[in-house]
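What follows is a single structure, written as structure tokens, with notes after it.
The values are calculated or read from the model by the stated rules, or taken from the named source; none is laboratory data. In this text, all values refer to a predicted model and were calculated from it rather than measured experimentally. Using ideal geometry, Cβ is built from the backbone for each residue, glycine included, and neighbour counts are taken over all protein chains shown.
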Amino acid sequence: MCRHLKRVLEHTDTNRMTTQNIGIVFGTTLMRPERDIGNMAVNMVYQNQAVELILSEFDHIFGTRGPS
């Protein structure tokens, strides 16, 4: 899924899907907690940020880059 979203980011100029926008759209789906506890709005912010971070650091996280 993350690889697909990374490919979507390659076309940001035409589809307007930035890392932030993808985080907003997919954050709550991909990072949904097992139990709904706490403030849902705060959870959504963290979920969105987590997706943004994963996409921003995709190569580093998933090792698609060569060694540094």
*Give me the pairs, please: first residue somewhere in region 26-50 and over 18 Å from VAL8 (Cβ atoms), second residue anywhere and surrounded by fewer than 15 Cβ atoms within 10 Å (Cβ to Cβ) and of a type outside the set (Lys, Arg), beta-carbon distance under 8 Å, and either six or more positions apart or on two chains.*
ASN43/PRO33
*Which pairs do you get when a residue that is of a type outside the set (Phe, Trp, Tyr), found in region 2-14, comes within reach of a residue that is part of a helix (DSSP H, G or I) and exposed (fewer than 13 other Cβ atoms within 10 Å of the Cβ), reach meaning Cβ atoms under 7 angstrom, with the pair 6+ apart or on two chains?*
VAL8/ASN15
*Matching option when the condition is modelled with pLDDT of 95 or more, exposed (fewer than 15 other Cβ atoms within 10 Å of the Cβ) and touching a helix residue (DSSP H, G or I) at 6+ places or on another chain (Cβ under 9 Å), among THR12, THR19*: THR12
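Yes/no per residue for (1) more than 19 Å from THR19 (Cα to Cα); (2) modelled with pLDDT under 90:
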position	(1), (2)
GLU34	yes, yes
GLY38	yes, yes
ASN43	no, yes
TYR46	no, no
GLN49	no, no
GLU52	no, no
LEU55	no, no
ILE61	no, no
PRO67	yes, yes
*Among the numbered conditions (1) of a type in the set (Gly, Ala, Ser); (2) within 15 Å of MET1 (Cβ to Cβ); (3) not in a helix (DSSP H, G or I), tell me where GLY38 comes up short.*
(2)
*May I ask you to list the residues in region 1-43 that are under 12 Å from the mean Cα position of the chain (by Cα) and hydrophobic (A, V, I, L, M, F, W, C)?*
MET1, CYS2, LEU5, VAL8, LEU9, MET17, ILE22, ILE24, VAL25, PHE26, LEU30, MET31
_With the requirement that a residue be in contact with a Gly (Cβ under 9 Å, 6 or more places away or on another chain) and surrounded by 17 or more Cβ atoms within 10 Å (Cβ to Cβ), what does region 35-53 give you?_
GLN47, ASN48, VAL51, GLU52
